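Engineer: Before I ask anything, here is the structure I am working with.
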Amino acid sequence: MSNPDFFRDLQPEVAAEVEALARLQYELREAGKAALAAADAASADALIHDIAAGRRAEDEDTVAIRASVLQAESERVRAVLAARLRGTMLEDDSPHACLVELVEQRHADRYPGGALRRLDAVELLDVDGVGMWLRMASPACWEAAWLAPDNRDWRLSRLSATSPVLYRAPDRLPRPIDLPLTDVPVLLGWLLDTLATGPDAFDSLHDS
């Protein structure tokens, strides 16, 4: 519940923005706690370290990436909230903001509904009805997942700077993709450009 005295000296539009940011920060923090509790992990970094060391199953990388995204988003919103209380503005330069901008500027025809930001991901629906989720904490920690028209589940993920990018589909072994670490716009541009040719575009990257 908001404290009326806290908002008394703020302009109405700023007060509404501050309240929305505080609510978002709370939701991000609680979602992050829930993700870590479900994995019985103390932190996203600890979970990533355990997976890399072989103490946990590799398929827990989705939880680790999700927890990392929630943590990064929570820290970003905290900084934005502090700036608004000081009367200043901070630009949203997060990977998810970059992804939304790239979709709007370069791939609007393929994703007419735009890119929808969720707490821990960006949701896309292309003109063929293929739904995709992309989540990114950094170029070294990200995931892209979608369901192909033939109902195959596809995933690309990088858990850390030392782990390869993995391709996953039911009943198939993960294979590395030779994609070096790079900056966020370049990586997201590569993902969107490749996906724009169709959900099966990554097959060519794994041909023997």
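The values are calculated or read from the model by the stated rules, or taken from the named source; none is laboratory data. What you see is a predicted model; the values in this text were computed from it and never measured. Cβ: placed from backbone, ideal geometry, glycine included. Neighbour counts: every protein chain shown. Just the protein is used for accessible areas: all its heavy atoms, side chains included, with ligands, DNA and RNA removed. Shrake-Rupley method; radii C 1.70, N 1.55, O 1.52, S 1.80 Å.
Engineer: Checking the conditions here, which among V18, V14, V63 is under 24 Å from A144 (Cα atoms) and in a helix (DSSP H, G or I)? Steps first, answer last, please.
Structural biologist: On the way: V18 fails: under 24 Å from A144 (Cα atoms); V14 fails: under 24 Å from A144 (Cα atoms).
The match here is V63.
Engineer: Check the stretch 70-88 and report whether any residue there is buried (at least 21 other Cβ atoms within 10 Å of the Cβ), of a type in the set (D, E, K, R), in contact (Cβ under 8 Å) with a residue 12 or more places away in the chain and not in a loop (DSSP other than H, G, I, E, B).
Structural biologist: There is at least one residue in the stretch 70-88 that is buried (at least 21 other Cβ atoms within 10 Å of the Cβ), of a type in the set (D, E, K, R), in contact (Cβ under 8 Å) with a residue 12 or more places away in the chain and not in a loop (DSSP other than H, G, I, E, B).
Engineer: So which of R117, R106, R155 is touching a His at 6+ places or on another chain (Cβ under 8 Å) and either assigned by the TED database to the domain that holds G32 or surrounded by fewer than 19 Cβ atoms within 10 Å (Cβ to Cβ) (or both)? Even if it seems obvious, please write down each step before you answer.
Structural biologist: Working: R106 fails: touching a His at 6+ places or on another chain (Cβ under 8 Å); R155 fails: touching a His at 6+ places or on another chain (Cβ under 8 Å).
Just a single option satisfies the conditions, and that option is R117.
Engineer: Please work out which one of (1) within 26 Å of M132 (Cα to Cα); (2) not assigned by the TED database to the domain that holds D120 is the condition C98 fails and give its number.
Structural biologist: (2)
Engineer: Scan A52, A34 and give me the residue that is surrounded by fewer than 18 Cβ atoms within 10 Å (Cβ to Cβ) and free of Cβ contacts under 8 Å to residues at least 12 places away in the same chain.
Structural biologist: Values: A52 fails: free of Cβ contacts under 8 Å to residues at least 12 places away in the same chain.
When all the criteria are applied, what remains is A34.
Engineer: Would you check if there is a residue in the stretch 160-172 being within 23 Å of Q71 (Cβ to Cβ), within 11 Å of the chain's Cα centre (by Cα) and of a type in the set (A, V, I, L, M)?
Structural biologist: No, the stretch 160-172 contains no residue that is within 23 Å of Q71 (Cβ to Cβ), within 11 Å of the chain's Cα centre (by Cα) and of a type in the set (A, V, I, L, M).
Engineer: Same structure, new question: Can you run down the residue pairs with Cβ atoms below 9 Å, 6 or more apart or on separate chains, where the first is in the stretch 100-111 and at positive phi and the partner is acidic (D, E) and open to solvent by 90 Å² or more (accessible area, probe 1.4 Å)?
Structural biologist: Matching pairs, first to second residue: none at all.
Engineer: Inside the stretch 112-139, can you point out the residues that are part of a strand (DSSP E or B), in contact (Cβ under 8 Å) with a residue 40 or more places away in the chain and of a type outside the set (A, V, I, L, M)?
Structural biologist: Those that are part of a strand (DSSP E or B), in contact (Cβ under 8 Å) with a residue 40 or more places away in the chain and of a type outside the set (A, V, I, L, M): R135, S138.
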